Amino acid sequence: MPGVKDIAYYAVHPTQLRSIIQWKVWHNPVHERDESKESASLKRCFHFLAQTSRSFVAVILELHPDILVSVAIFYLVLRGLDTIEDDMTIPLAKKEPILRDFHNIIEQDGWTFTENGPNEKDRQLCVEFNVVIEEYKKLKPAHQAIIKDITKRMGNGMADYVKNAEFGINDNGVNTVKDYEKYCHYVAGLVGEGCTRLFVEEGKANPALLKRTELHESMGQFLQQVNIIRDIKEDFDDKRRFWPKEIWSKHVDKFEDLFKPENKDKALACSSEMILTTLRRADDCLFYLAGIKEQSVFNFCAIPQSMAIATLDVCFQNHDIFKRNVKITKGDACQLMLESTQNLQLVCDVFKRYTRKIHKKNNPHDPNFLQISIACGKTEQFIESIFPSQKPPVDEKKNPVNAEEVARLKNEADETKWETIYMVSAVIGTILLISGIMFTAAWFAGARFDIALSQAKEQLGQLFGSSGPINASVPLDTKPSTDHSEL
Amino acid sequence: MAPTKVLVTGGTGFLGSEIVHALVEANEFDITALDINPPSLGTATYSSVTYVRCDVLDLDRLREVFKETCPTVVLHTVAVNLLGESRYGMQGRDAVFSINVDGTKNVVQVSQECGVKAFVYTSSVTVLLDQLEENFRNADETWSTGRATTLYGQSKVSHSIISSYEHASKATMAEGVVLSSNTPGFRTCALRAAPIFGPRDPVTIPTIHGCIANGETPFILGSGTNLQDYVYVSNVADAHVLALHNLLGLGTAAGEAFFITNGEPITVRDLCLAVWKEFGHYPRFQLRIPEELAWWMGWGLEWACWLTNRTGTFSRGVVLDATRARYVSIAKARRVLGYIPRVSLPEALRISCQHLQQQINAQAKA
């Protein structure tokens, strides 16, 4: 039930409430999973999916049946890998071989893992991992091969990272921007690649997306980097640091200095630089979305991206990220989901809107002021290149393609012109005819037009004449009487 | 193989001297720089370059120079030079325009007579964009130019706007002269550069810098979201060298026009803020002036200036310039010429502003 606080909030933010209601009332899933045909193990898998992923479960469940189970299993396999990597209670000697061999483990019937620490939130998934393996083996061989390949590469990447951390090579976490992007590649870029391969395999995306590897890489990087920026405080409290030293060392000497209130400006400048690094990938993400052919897949890809750009906006120039976890409001989230489940143009509008919001908050004192402004401009230009907001003005004389059109327009204009001429002449003709009849009738009745005319002349002369009223008044006195006497 | 003979008209000007520099760096050309002025003080001159003084309006003298040098390539930069000319001023414009159009005709004519193989003309984005009331978002070379002339007669617009239309139509005419004379034996192309800035840039950076002293920096005209294009001088020079190579080689650029910008559209406000920042100035507050209000203010000031017989810095032209979107796509130049803006906007601004600061310091000492 909504609390008093919520009611008060929505009372003053009606548009937010409207978005929530609209989403809840009007959104129909593109596809709905058919639970009646599912095996017990698959049902268990979906149970874990709902438990481990609050943000992704909704979009995954609406996916096209061709890829629904594959994507869900792919997610759970990677989640299992991640749960083992994250658990600091497992010694390296035990952890490393599991990570490196995980792509084979997912083919071992009945494999489970019970050695996670009691506080690990996704512990139960590993305890019952046999259900995931069972379902994995029922997938199409082509899908299995994709999941296996990605799992192998990610497991090895994670093992390298864990090993470096353990031996103090990266004692302060990530050092260079290159390391940072490498880390994001292993945990997110590879997911982008795996999903893209699944989509293309099932004909849900343009095969060209596989050739432009930087596009799906950016999809993953964009999401992961936004999470890393947003979770700075939470990660810091958990003694993890993903912001690269190469960036923060430009602003503060020690990483923990970012959180001191007296370093507010430096911390903001540092977060701006992080946001700039991410913002530069926005156009790639939109380009990628242009290659998706199926609505449910489009929604699956677009919703997280829209949320990410909106999150980037709330984090930008916001010192609160160093104090607590900032989030986009529920109303904004619903609005974004409404706009991200239709077409690319609306998603582009979302990106343009949030890019402009970021641009508006850009501060000249920021060391990356100009760079951020340029990144915003580039995103906007990219959007303009796929959805031009104006057409090139048509030059009729120079454009032979339009010659027929021009001739047609000319004919039409001619016709209208003649119609007007006929109409006006008919009216004038009628007036002339009627006046003629009246004048003739008056003449037969003995009207003296010559006298009336000269009288009218004199009266006009009296009104406007320079000769003065006295001269003009002389004939005026005589004529009317004759006129009347004649009549 | 003897080095290719290249003649640069306007070779001691702001852009011309940068092109000469780029050609010298390439180290494969025999360079002649033709200009009405000798190299100005403080600019680099090269012993390997032949400097010739000549007015492009003097056809006989021009013919004489061309017969003597027999260039294979002509890079004609004279036309774009709006040196010292305010964009909205009227004085001297007719003279400048006749140099642009008649001068271009002369140079094309003698080039054809002397068997020049390739001709690169420095045009300007204004051929398209100087329809001041219009927005141009991500325009490309397929957008037709020359509509400015048709509007010229119809609109009851201010002098400043009329002069801009004239400029546009004349620039279009000059570009048309060059492109229509393209033949397989005499390959021509036009490079439509965005407003060029750089060290010794006489207009863009100094004008923006001038706002600090005038106390104009807190005011934002219009929405402040409209993007515009600029280009750093050495990037334009690069484009000329690339165009030259293309015309002598593949020839895919022959008869074509290309937009040349830094490929980094930015809002006018942000460009100004970035320049002011280089001089350590930050506006103390910001005041947004709606476009309509600004337009009427411009109108009023134009009359005030006319009555008091002064030249003002603020007019309706300035307002339209500041509030319209004017950016183009450089995809064609990238594709056909292989053009890449090597100096990015932040670096370009830093170099240009440092140079202006040095100039100001030097003046202060003297």
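The values are calculated or read from the model by the stated rules, or taken from the named source; none is laboratory data. These numbers were taken from a predicted model, which means no experiment stands behind them. Reconstructed Cβ throughout: ideal geometry from the backbone, glycine too, with neighbour counts over all protein chains shown.
From the list B:L151, B:L221, the lone residue that is modelled with pLDDT under 85 and within 14 Å of another protein chain (Cβ to nearest Cβ) is B:L151. Selection of the range A:256-275 for residues being surrounded by fewer than 17 Cβ atoms within 10 Å (Cβ to Cβ) and within 21 Å of A:Y183 (Cβ to Cβ) yields only A:E256. Taken over the range B:250-284, the criterion of being in contact (Cβ under 8 Å) with a residue 12 or more places away in the chain, facing chain A (nearest Cβ under 10 Å) and of a type in the set (K, R) is satisfied by B:R269 alone. Taken together, the residues in the range A:16-25 that are loosely packed, with under 11 Cβ neighbours inside 10 Å and in contact (Cβ under 8 Å) with a residue 24 or more places away in the chain amount to 1. Scanning the range A:199-214 for residues that are free of Cβ contacts under 8 Å to residues at least 40 places away in the same chain and in a helix (DSSP H, G or I) yields A:V200, A:L210, A:K211, A:T213.
In this structure, is A:S296 at pLDDT below 95 and more than 20 Å from A:L17 (Cα to Cα)? So A:S296 passes the test.
For (1) outside any helix (DSSP H, G or I); (2) of a type in the set (A, V, I, L, M, F, W, C); (3) at pLDDT below 95, each residue gets a yes or a no:
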site	(1), (2), (3)
A:T196	no, no, no
A:K233	no, no, yes
A:K239	yes, no, yes
A:F242	yes, yes, yes
A:K250	yes, no, yes
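Could you check, for the range B:230-247, whether at least one of its residues is more than 14 Å from chain A (Cβ to nearest Cβ) and at positive phi? No, the range B:230-247 contains no residue that is more than 14 Å from chain A (Cβ to nearest Cβ) and at positive phi.
For the range A:369-396, a tally of residues being farther than 15 Å from A:A282 by Cβ and facing chain B (nearest Cβ under 9 Å) returns 9. When B:T311 is tested against (1) modelled with pLDDT of 90 or more; (2) surrounded by fewer than 16 Cβ atoms within 10 Å (Cβ to Cβ); (3) in a loop (DSSP other than H, G, I, E, B), exactly one condition is not met: (1). Does A:I247 qualify as being among the aliphatic types (A, V, I, L, M), under 27 Å from A:Y75 (Cβ atoms) and under 32 Å from the mean Cα position of the chain (by Cα)? It is false that A:I247 is among the aliphatic types (A, V, I, L, M), under 27 Å from A:Y75 (Cβ atoms) and under 32 Å from the mean Cα position of the chain (by Cα). In the range A:314-343, which residue that is within 8 Å of the chain's Cα centre (by Cα) and not hydroxyl-bearing (S, T, Y) is nearest to A:E294 (Cα to Cα)? Selected residue: A:E339.
Being touching a His at 6+ places or on another chain (Cβ under 9 Å), in a helix (DSSP H, G or I) and either buried (at least 19 other Cβ atoms within 10 Å of the Cβ) or modelled with pLDDT of 90 or more (or both) is a description that does not apply to B:L349. Scanning the range B:320-342 for residues that are within 13 Å of chain A (Cβ to nearest Cβ) and part of a loop (DSSP other than H, G, I, E, B) gives B:R324, B:A325, B:S329, B:I330, B:P341. For A:D265, the stated conditions hold: it is among the acidic types (D, E) and not in a loop (DSSP other than H, G, I, E, B). Residues in the range A:353-368 that are within 10 Å of chain B (Cβ to nearest Cβ), more than 17 Å from A:T277 (Cβ to Cβ) and free of Cβ contacts under 8 Å to residues at least 24 places away in the same chain: 2 in all. Looking across the range B:343-360, the residues that are within 11 Å of chain A (Cβ to nearest Cβ) and within 19 Å of the chain's Cα centre (by Cα) come down to B:S344, B:L345, B:A348, B:L349. Taking A:K293 as the residue in question, decide whether it is of a type in the set (D, E, K, R) and in contact (Cβ under 8 Å) with a residue 60 or more places away in the chain. In short, yes.
Listed here are the residues, each with its yes/no results for (1) surrounded by 12 or more Cβ atoms within 10 Å (Cβ to Cβ); (2) more than 30 Å from A:Q124 (Cα to Cα).
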position	(1), (2)
A:G3	no, yes
A:I7	no, yes
A:P14	no, yes
A:V30	yes, yes
A:D34	no, no
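Each row is one residue, and each column tells you yes or no for (1) at pLDDT below 90; (2) basic (K, R); (3) over 39 Å from the mean Cα position of the chain (by Cα).
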{"residue": "A:I106", "(1), (2), (3)": "no, no, no"}
{"residue": "A:T114", "(1), (2), (3)": "yes, no, yes"}
{"residue": "A:P118", "(1), (2), (3)": "yes, no, yes"}
{"residue": "A:D122", "(1), (2), (3)": "yes, no, no"}
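This table checks each residue for (1) of a type in the set (A, V, I, L, M, F, W, C); (2) out of contact with any Ser or Thr (no Cβ under 9 Å at 6 or more places or on another chain); (3) under 23 Å from B:G185 (Cα atoms).
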{"site": "B:G16", "(1), (2), (3)": "no, no, no"}
{"site": "B:I19", "(1), (2), (3)": "yes, no, no"}
{"site": "B:T45", "(1), (2), (3)": "no, no, no"}
{"site": "B:K67", "(1), (2), (3)": "no, yes, yes"}
{"site": "B:T72", "(1), (2), (3)": "no, no, yes"}
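Remark: B:E291 falls outside the filter, which requires a residue to be more than 14 Å from chain A (Cβ to nearest Cβ), at pLDDT 90 or above and surrounded by 14 or more Cβ atoms within 10 Å (Cβ to Cβ).
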